[in-house]
Amino acid sequence: MQIKNQLADLVKQAILSAQQGKALPTFSVPEVLVERPQKKEMGDFATALPLKLAREAKRAPIQIAEAIVAHFPPSESVSRVQAAAPGFVNITLSDAWIARQVEAILLEGEQYGKVEPERRERIQVEYVSVNPTGPMHVGSGRNAAIGDTLSNILEAAGQDVSREFYINDNGSQIVHFGASLYATYAQAFGVDEQIPEDGYHGQYVVEMGKQYAGEYGRKFLEMPRNDAVRELGILGIASVLAHLRETLARMNVHLDEWFSERSLYQSGLFEKVLKILKDKGLIYEKDDATWFAAHELGEEKDAVIIRSPKVIADPELRPTYLASDVAYAWSKLSVRGFDRAIYVLGADHHGDAARIKAVAQALGLDPNRVVILLYQFVNLRRGGEAVKMSKRTGEFVTLDELIDEVGPDAVRFMLISQSANSTIDFDLDLAKKQSDENPVYYVQYAHARIASILKHAAELGITDAGGDVALLTHPAELELIRLMMRLPEMVEVAASRLEPHHLPHYAIELAGVFHSFYKQCRVVSSDPADESISRARLKLVVAAKNTLARTLHLMGVDAPETM
């Protein structure tokens, strides 16, 4: 149990004891919320509960706080409890108890920071999910970093997480992609074939067309054009997906499921879901198209779910995005039975949020099981100037190019360093600096410094064996331990709010406090008189190393031993 929860229990016990002793009247004790105060002089934790109880207890908040203090049960973890105006109870932890937490952190090892949830859920996190028609850009990198870090956090919070990439391999964009590839493939043989106006015109399409010309010869020129377009489209999707996997692997992103949109139709799932909606009276025909009666669910406008054959002849291309959304939501929440489905989407998809929730409601599912996490975009900057185009191709900067320039650790760290609601200005020059100005370097250097300390100690034959943590009484030591103790809280907060940006902020603070401790407290000494404190401090730095590594790994960032 986290210390704040233990303290909440102690506050509740104090209230019940005060009621029993007639110091407080009888009333039902609500949930006790214990938080960290903004000012250190107010203690380690505080509760404002007396302010909320004033009316029911018919006492001034400060009188309630004083009664709680007077009846606060003794605890080895608490050194002082104080009442403060207008009605706070401030709690200071015992230095000796804080020092002993080093042993607790060491005992948990690589699992430190894992918390037990009030309710264990099966949660699906769907992220990245770019169209398989070209390389990923930097914005997709932010999607990957947010989704993957959030998945790590949810797992650390005790949840059963499945990571999924939704492959948009159905619809007109796939046909356009195939036609574009056919054009560049044919051009490689000198055929005057132009990329369709609504096709894909990037340099990568030209390169893929040349590649297929070399691999397959004139095979696709010798078959009916429509068949060639279809087969090249399938080949192109497979090639792009293979490349996307490689790019994501470079970012330390590995998904559990690559779910095909096309499978929703080939399996017959869409037809089943369409029947469910028809039986509910939410489907009707108009102008040769099939419509979803969204107005029945409070939406302003109805929407086409299957286009008219007069508009699109190919039946495979008639279903709209809404059709896929309906079937995909059913697959997630009913067929596969996830308790929650989290969609990580760019801010330009804000209109999808209401639609997907409406879809869930239409299917008789709880719309609260659908969670839409929207993120803002990324601006690349170099020398204070915006960077929009690739130096190599003159087109958009790909995620691979960004990784090539600054490395995967900087990419992941920087892309989750701010709230998803904030636009990120990614400073390329800063991300490459090997100085304290670069937050990624600053945090990783702290881990490498600890590894260097431990290596030096080993060379001197000094270990943490038998180290007595009771000797850790210096304010810098205690401050470091206090901060290390907060990792489980960070995990809990980030998981409950779906906010990965808390981790990089915590990592920077932890690195800073460690650097401060290192300046004030000599860890390793060859003087036999200092052996006891050296062993104790070695325990502390090992615990700090574990905590920092755990934080970095939750972000998908490497914890280097040397730099």
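Coordinate-derived values only; no laboratory data. Just so you know, these numbers come straight off a predicted model, no measurement behind them. Virtual Cβ from ideal backbone geometry, glycine too; neighbours counted across all protein chains shown.
A few comments on the model shown:
- Other residues whose C-beta falls under 15 angstrom from the C-beta of Ala57 contribute a net charge of +4, scoring Lys and Arg +1 and Asp and Glu -1.
- The loop-placed GluC sites (Glu not before Pro) in region 242-302, going by DSSP, that have at most 11 neighbouring Cβ atoms within 10 Å of their Cβ come out as Glu300.
- The DSSP beta bridges internal to the chain are antiparallel in roughly 50% of cases.
- Calculated [222 nm] ellipticity per residue, helices only, for the chain: -15500 deg cm²/dmol; basis is -39500 (n - 2.57) per DSSP H run with n ≥ 4, divided by all residues, nearest 500.
- Ordering of 82-89, 113-120 by packing is 82-89, 113-120, highest average first (other Cβ atoms within 10 Å, averaged per residue).
- Size-normalised alpha-carbon gyration radius of region 172-254, reference 2.2 N^0.38 Å: 1.12
- Burial ordering of Phe377, Phe517, fewest other beta-carbon atoms within 10 Å first: Phe377, Phe517
- Other residues with beta-carbon under 11 Å from the beta-carbon of Ala354 carry, at +1 per Lys or Arg and -1 per Asp or Glu, a net charge of -1.
- Ranked by how many other beta carbons lie within 10 Å on average, peptides 342-351, 220-229 from highest: 342-351, 220-229
- Treating r as the C-beta distance of His515 and Gln361 and R0 as 45 Å, the FRET efficiency rounds to 0.30.
- Alpha-carbon centroids, region 296-336 and region 28-82: separation in whole Å: 54 Å
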